[in-house]
Ligand code: IVH
């Protein structure tokens, strides 16, 4: 049944209202209704269109979700060519541009210009018939582009229907489609997560998103539109100035630049350039310069064109944020926590106005994914305050066999082993205490409250001591003299004395604090306590193998691996011994457990015990203060052997270690 007149009217009214609210939100930045109220109107229109499908027309705000994929893009002829811009790179070129125009136009005095930032996206043309968007096209080669109407409709800041009382019969508006940095980062994160291609920069992301055959995907991309000019206009008289024309566009629903200004002279233009350049890093989007257009449209016509660019406009470019250079070498930097990151050594190049010779490559996975090789020509990007990064290799310029960067087996700082933890992209130096790159952090941790709790030894002080070469490793702390400490900035004699006293006092500690203080990766307080209770002595912990470590509650393969790696480094063992030599001590764990009958004993369980799981048997032994180990050594008190014992029994026999059967085990635990 066709929709009654009243419904038709309501739908048209809703569309008009929604377009107006859209304009207030995206163009004027002064919304007058809440998002909730907007959604309410929106859903009402959706309902009407669903009940009466013949009402649904293409410029309805409900159609921004995209439609069925197309097989290709139709070609579109531009009625008025979409030109490009000449560039200026310095003040002299700007002054020359102004002089040329004044000469040509016979204007002795100053010329006024309209200025805007040059957005780094892609140019499109939007055509409106009687206020409705009927066609959107890319710039293409300037004469013809591609019909991307379905995609353009999904961009919220592109008006689908114009607003106000002064709508032209026909108007073609030009502007830039771009992606804001936040949206770009989010898009790349989700692309990476989905294993899809990540975009090198916001401009590529915008171009790629606008040229998708499936507009439903375009709808999900964070694209933005900003207008900067008029192509054709019929049915209204446009104002005679560029600046005023842009404000007319704003009035009928088109977003224009927040930074648009009318300037009285070329000197003001140069000043504008400096001001925008200063703001560049704090903007939410990439710009690559500023554009100046002669403000007087009559004079624009008189000035005319040269080949592909107007004589009346110029782009004053900023220093490029992306440049090409050669990747000379890949080195590895060791961070405070021991993580190794690949660093690109580059042939020095200016990026964004700053000379750059190093850039981050993030991690090995990233290098592999991007297929970056030593000797490649690479694209380097530096935007804002962020560290310069290698974006991609220029594969076309590759010649001959180039070496792939590889992670060193040993730490470039301390020569300790480098390991990759299973399931993690990061590689780490296991040097811990001995690695100069990790020294400051290691000492800060050792002195921290939950570790040896050295009062007065704060982070700043540690940094100063290390930087002045007073301490190289933790044990050096206990060798500090009063003079050395007193010489440090802001250290009075009294505070120096206090610090030495605190150091002396810290020597009396507990085994668990001491283990925690060593700063072994992923060994927190609770694990340190469990290790102390289980092994009882630092020597036994230092010698414990992978299996024995895993017998400790909460110690899984990763932590066991960390502990083993740590104590495998002879330098770490030396430091532990040096600390003990300096007088660091703790009450023996055995004395704590005097009441427990199996305190100080170590057992190994092998085979199946009737009525007890391995874990249960082990916990019964531990309750009595015993340690349970996975491997037999001369220190083993006894091996408990159930059904089908393994080779551990043979080893026990060889070492002369006592072997207990099921009955012996029961006696042991008092059953
Ligand atoms: S005016 C005849 N204004 O820069 C004038 N272009 O290099 C044509 N662009 O294709 C363009 N921001 O994609 C103009 N405020 C702005 C601009 C701008 C970015 C882009 C546009 C154009 C290219 C020319």
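The values are calculated or read from the model by the stated rules, or taken from the named source; none is laboratory data. Not measured: the values here are computed from a predicted model. No Cβ is skipped: glycine too gets one built from the backbone with ideal geometry, and neighbour counts run over all protein chains shown.
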- request: Being in a loop (DSSP other than H, G, I, E, B), at pLDDT 90 or above and within 30 Å of residue 284 (Cβ to Cβ) is the filter here, so list the residues in region 389-441 that pass it.
  value: 394
message: Residue under question is residue 284, and the condition is that it be outside any helix (DSSP H, G or I), under 26 Å from the mean Cα position of the chain (by Cα), modelled with pLDDT under 95 and within 11 Å of the ligand (Cβ to nearest atom); does it hold?
response: no
- prompt: residue 392: in contact with a strand residue (DSSP E or B) (Cβ under 9 Å, 6 or more places away or on another chain) and farther than 30 Å from residue 180 by Cβ, yes or no?
  reply: no
task: Could you tell me whether any residue of region 497-508 is in contact with a helix residue (DSSP H, G or I) (Cβ under 8 Å, 6 or more places away or on another chain) and part of a loop (DSSP other than H, G, I, E, B)?
output: yes
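Say we look at region 193-207 and pick out the residues that are out of contact with any strand residue (DSSP E or B) (no Cβ under 6 Å at 6 or more places or on another chain) and touching a residue at least 12 places away in the same chain (Cβ under 8 Å); which of these is farthest from the ligand (Cβ to nearest atom)?
Looking at residues that are out of contact with any strand residue (DSSP E or B) (no Cβ under 6 Å at 6 or more places or on another chain) and touching a residue at least 12 places away in the same chain (Cβ under 8 Å), I get 199.
Just one of 630, 638 is closer than 26 Å to residue 530 by Cα and within 53 Å of the chain's Cα centre (by Cα); which is it?
Working: 638 fails: within 53 Å of the chain's Cα centre (by Cα).
Selected residue: 630, the only one of 630, 638 that is closer than 26 Å to residue 530 by Cα and within 53 Å of the chain's Cα centre (by Cα).
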task: Search region 311-330 for residues that are over 22 Å from residue 353 (Cβ atoms) and pair each with any residue that is in a loop (DSSP other than H, G, I, E, B) and near the ligand (Cβ under 10 Å from one of its atoms) when their beta-carbon atoms are under 7 Å apart and the residues are at least 6 apart or on different chains.
output: 313/85
field: Subset of region 542-572 (residues that are within 16 Å of residue 429 (Cα to Cα) and surrounded by 15 or more Cβ atoms within 10 Å (Cβ to Cβ))
entry: 559, 561, 562, 563, 564, 565, 566, 567, 569, 571, 572
- line: The strands (runs of 3 or more DSSP E) lying wholly within region 291-383 that contain at least 2 residues that are over 21 Å from the mean Cα position of the chain (by Cα) and within 16 Å of the ligand (Cβ to nearest atom) are 313-317
message: Condition check: closer than 19 Å to residue 135 by Cβ and either without any contact (Cβ under 8 Å) to a residue 24 or more places away in the chain or within 16 Å of the ligand (Cβ to nearest atom) (or both). Does residue 237 satisfy that?
response: no
- line: Residues of region 620-670 being surrounded by fewer than 20 Cβ atoms within 10 Å (Cβ to Cβ) and at positive phi, in sequence order, are 644, 656, 670
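Quick grid of which residues meet (1) over 30 Å from residue 356 (Cα atoms); (2) in contact with a helix residue (DSSP H, G or I) (Cβ under 8 Å, 6 or more places away or on another chain):
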position	(1), (2)
213	yes, no
216	yes, yes
231	yes, no
240	yes, yes
280	no, no
- request: Provide a single number: the residues in region 465-497 that are in contact (Cβ under 8 Å) with a residue 12 or more places away in the chain and either in contact with a strand residue (DSSP E or B) (Cβ under 9 Å, 6 or more places away or on another chain) or closer than 19 Å to residue 572 by Cβ (or both).
  value: 9
- request: Go through the residues of region 208-215 one by one and say whether even a single one is more than 26 Å from residue 135 (Cβ to Cβ), within 16 Å of the ligand (Cβ to nearest atom) and buried (at least 18 other Cβ atoms within 10 Å of the Cβ).
  value: no
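Would you list the strands (runs of 3 or more DSSP E) that sit entirely within region 29-148 and hold 3 or more residues that are more than 16 Å from the ligand (Cβ to nearest atom) and within 40 Å of the chain's Cα centre (by Cα)?
Values: elements: 75-77, 113-119, 122-129, 132-138, 144-146.
Output list reads 132-138.
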message: Any residue at all in region 166-175 that's at pLDDT 95 or above, surrounded by fewer than 23 Cβ atoms within 10 Å (Cβ to Cβ) and within 15 Å of the ligand (Cβ to nearest atom)?
response: yes
- prompt: Residue check, residue 609 against (1) surrounded by 13 or more Cβ atoms within 10 Å (Cβ to Cβ); (2) in contact with a strand residue (DSSP E or B) (Cβ under 6 Å, 6 or more places away or on another chain); (3) more than 23 Å from residue 530 (Cβ to Cβ), all met but one. Which one?
  reply: (2)
field: Residue count for region 427-464, restricted to those that are under 9 Å from residue 338 (Cβ atoms) and either surrounded by fewer than 17 Cβ atoms within 10 Å (Cβ to Cβ) or out of contact with any strand residue (DSSP E or B) (no Cβ under 9 Å at 6 or more places or on another chain) (or both)
entry: 2
- request: Kindly indicate whether residue 386 is modelled with pLDDT under 90 and either surrounded by 20 or more Cβ atoms within 10 Å (Cβ to Cβ) or within 30 Å of residue 464 (Cβ to Cβ) (or both).
  value: yes
- prompt: So which pairs qualify, if the first residue must be in region 431-449 and more than 11 Å from residue 474 (Cβ to Cβ), the second must be at pLDDT below 85 and in a loop (DSSP other than H, G, I, E, B), the Cβ gap must be under 6 Å, and the two must be at least 6 apart or on different chains?
  reply: 441/336
message: Among the residues of region 498-528, what is the count of those that are under 31 Å from the mean Cα position of the chain (by Cα) and without any contact (Cβ under 8 Å) to a residue 12 or more places away in the chain?
response: 1
query: If we keep just the residues of region 21-41 that are in contact (Cβ under 8 Å) with a residue 24 or more places away in the chain and buried (at least 17 other Cβ atoms within 10 Å of the Cβ), which is farthest from residue 251 (Cα to Cα)?
result: 41
query: Considering only helices (runs of 4 or more DSSP H) fully contained in region 509-595, which possess at least 2 residues that are closer than 29 Å to residue 605 by Cα?
result: 511-517, 525-535, 538-543, 546-550, 557-568, 589-592
